[in-house]
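**Student:** Before I ask anything, let me first share the structure, which is written out below as structure tokens.
The values are calculated or read from the model by the stated rules, or taken from the named source; none is laboratory data. Note that this is a predicted model, so its numbers are computed, not measured. Using ideal geometry, Cβ is built from the backbone for each residue, glycine included, and neighbour counts are taken over all protein chains shown. SASA here: full protein model, heavy atoms, side chains in, ligands and nucleic acids out. Shrake-Rupley method; radii C 1.70, N 1.55, O 1.52, S 1.80 Å.
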Amino acid sequence: MHIHIENDPAGPDALQLPQAVLMQRLEANPALRGRFTLSENSDPQRIADFLTAADIVWAGRKFPLYQHLSSASTLGWVQVMSAGVESWLEKWPDAVQLTNASGVHGDKGAEFILMSALMFNYGIPGFLQDQAGQQWRPTFGGCARGKKVLLLGLGGIGSAAAALLTRQGYQVTGVTRSGETTADVARCIRIADVDAELADTDVLVSTLPLTPATDGLFSRQRLATLPARAGVIVVGRARVFDYDALSDMLTAGQLAGAVLDVFNEEPLPQGDALWQCPRLIITPHCSLDDHGAYLDGCLTLFEQNLERYLAKEPLINRVSKENGY
């Protein structure tokens, strides 16, 4: 079989997959040794040239691959080096399996979410605002144990975060489409039942992907149900939330704070009102990525799936067009 590597020429060196590195990994695995030929490309103009011979594609960038699949008659599977693939799904052919890198972000994402939750508990967003205004306003709260976290999405990142939050003493209610999970949470509810939980939530965390069901899910009306003590953490897709409403509530003191890592337009434009929003901590879409370990984690997942693909077994992280992730 032939594996084609599509690298992102604009991406960091740490996320480039050289052909020689992949071959070394394949040759070190007895189940994969001698089974594949490889090609590598970083020229957007030459995608179609390489796809004609490809059985499998490693997609190191989110280029519109579906536009070129008509020339890829032997292609059966694409492994994308990211978690979100919603921009591809509408036009993705059923005959080609698509798998993502969900879960590779888990450890760092979980630590970031725990850190953000603890910042709310100790009033850090407010203290940063006071510091900017040279105001001395001490507050004396308690520990995080027993505080209530509503965790939207229990995929790789959400499940890892649930474990750390629970270990810290938070009471975690997970939210999934089905209301079921194997993650370490006190209980799990369906997304359709989330409204009943909001008024008693201390920390709202979203790791949700963008799907027709989640687009605009947290409207102004729904956000207004949160208590003033609540903090909001968004590391999933930004369009799940009404950021204008979130900004208004933070400005009015109706929320304790927010940590936003994702935005509808990135980079966030200069002059955007969010830059000046009180009690808001902005991180530039880097909370989940560990460039020192990410490529290796993706390659480990790819190896496991290569073994499964050869054995005609179900692939890990296969994306469902119906679910949107």
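**Student:** Placing +1 at every Lys and Arg Cβ and -1 at every Asp and Glu Cβ, with all other atoms neutral, what dipole size does the chain have around its Cα centre, in debye to the nearest 20?
**Tutor:** Numbers: 26 positive and 36 negative charges, 144 e Å.
Dipole about the Cα centre, nearest 20: 700 debye.
**Student:** Separation of segment 265-325 and segment 3-25 by C-alpha centroid, Å?
**Tutor:** 17 Å
**Student:** Now, a different point. Please compute, for the alpha-carbon atoms of the chain, the extent along each of the three principal axes and give them in descending order in Å.
**Tutor:** Principal extents (largest minus smallest coordinate, Cα): 65, 42, 34 Å.
**Student:** Relative contact order for the chain: what is it in percent, counting Cα pairs under 8 Å that are at least 6 residues apart? List each step's numbers first, then the result.
**Tutor:** Numbers: 594 pairs, mean separation 52.3, N = 325.
Taking the mean separation of contacting Cα pairs over the length of the chain, I get 16 percent.
**Student:** Counting only protein chains, not ligands or nucleic acids, how are ARG46, ARG61 ordered by accessible area (probe 1.4 Å), most first?
**Tutor:** Reading off the accessible areas and sorting them downward yields ARG46, ARG61.
**Student:** Sort GLU111, GLU197 from largest to smallest accessible area, using a 1.4 Å probe on the heavy atoms of the protein chains.
**Tutor:** GLU111, GLU197
**Student:** OK, next. How much length would be gained if the chain were fully extended between CYS143 and THR300, taking 0.36 nm per residue of separation minus their Cα-Cα distance, in nm to one decimal?
**Tutor:** Details: separation 157, 0.36 × 157 = 56.52 nm, distance 3.83 nm.
Contour length minus the Cα-Cα distance gives 52.7 nm.
**Student:** Explain nothing, just the number: relative contact order of segment 106-282, from Cα pairs under 8 Å at least 6 residues apart, as a whole percent. Display every interim value, and only then the final one.
**Tutor:** On the way: 332 pairs, mean separation 35.9, N = 177.
Averaging sequence separation for qualifying contacts and normalising by length gives 20 percent for segment 106-282.
**Student:** Express the accessible area of segment 190-325 per residue in Å², computed with a 1.4 Å probe while the remaining protein chains stay in the model.
**Tutor:** With all protein chains present, segment 190-325 gives 47 Å² per residue.
**Student:** At 1.4 Å probe size, put ASP13, ASP43 in order of accessible surface, largest to smallest.
**Tutor:** From most accessible down to least: ASP13, ASP43.
**Student:** Report, to the nearest whole %, how much of the accessible area of segment 106-282 belongs to carbon and sulfur atoms, 1.4 Å probe, protein only.
**Tutor:** 50 percent
**Student:** Related question: Translational diffusion coefficient, Stokes-Einstein: compute it for segment 106-282 using the Kirkwood radius over C-alpha pairs as Rh, at 25 °C and 0.890 mPa s, and state it as an integer in µm² s⁻¹.
**Tutor:** The calculation lands on 151 µm²/s.
**Student:** In nm, to one decimal, how far is the GLN131 label point from the ARG35 one, both placed 7 Å along Cα→Cβ?
**Tutor:** Inter-label distance under the simple model: 5.2 nm.
**Student:** Once the other residues with Cβ under 11 Å from the Cβ of LEU65 are scored (Lys, Arg +1; Asp, Glu -1), what is the net sum?
**Tutor:** In short, +2.
**Student:** In addition: List the lysines whose Cα sits under 30 Å from the Cα of LYS321, skipping any in the same chain fewer than 8 residues away.
**Tutor:** LYS62, LYS91, LYS108, LYS312
**Student:** Kindly report, to the nearest 10 Å², the accessible surface of GLU313 as traced by a 1.4 Å probe over protein heavy atoms only.
**Tutor:** Taking all protein chains as shown, GLU313 has close to 90 Å².
**Student:** Quick one: accessible surface of PHE120, probe radius 1.4 Å, all protein chains present, in square angstrom to the nearest 10.
**Tutor:** 20 Å²
**Student:** Once R0 is set to 22 Å, what does the formula 1/(1 + (r/R0)^6) return for the Cβ-Cβ distance between ALA10 and LYS321, expressed as a FRET efficiency to the nearest 0.05?
**Tutor:** Values: r = 28 Å, r/R0 = 1.27.
Computed FRET efficiency for ALA10 and LYS321 comes out at 0.20.
**Student:** Could I ask something else about it? Which residues does a label at ASP55 reach in segment 292-312, if reach means a backbone N under 13 Å from a point 7 Å past the Cα toward the Cβ?
**Tutor:** Output list for this probe position: 306-312.
**Student:** Here is a further query. In percent, what relative contact order does segment 78-131 have, based on Cα pairs under 8 Å that are 6 or more apart in sequence?
**Tutor:** 34 percent
**Student:** Shifting gears a bit: Per-residue counts of other Cβ atoms within 10 Å, averaged by peptide: what ranking do you get for 222-234, 81-93, highest first?
**Tutor:** Going from most to least packed, we get 222-234, 81-93.
**Student:** Counting Lys and Arg as +1 and Asp and Glu as -1, each charge on the Cβ, what is the dipole of segment 106-282 about the Cα centre in debye, to the nearest 20?
**Tutor:** Roughly 460 debye, rounded to the nearest 20.
**Student:** Turning to a different aspect of this structure: Around ASP296, under 12 Å between beta carbons, what's the net of Lys plus Arg minus Asp minus Glu among the other residues?
**Tutor:** Details: positive: ARG25; negative: ASP290, GLU303.
Around ASP296, the charge tally is -1.
**Student:** Find which of ILE113, SER42, ILE56 sits farthest along the positive direction of the dipole of the chain, computed with +1 on the beta-carbon of Lys and Arg, -1 on that of Asp and Glu, about the Cα centre.
**Tutor:** ILE113
**Student:** Roughly how many whole Å is it from the C-alpha centroid of segment 60-103 to that of segment 135-165?
**Tutor:** First find each Cα centre; the distance between them is then 35 Å.
**Student:** At 1.4 Å probe size, what's the solvent-accessible area of MET115? Round to the nearest 10 Å².
**Tutor:** 90 Å²
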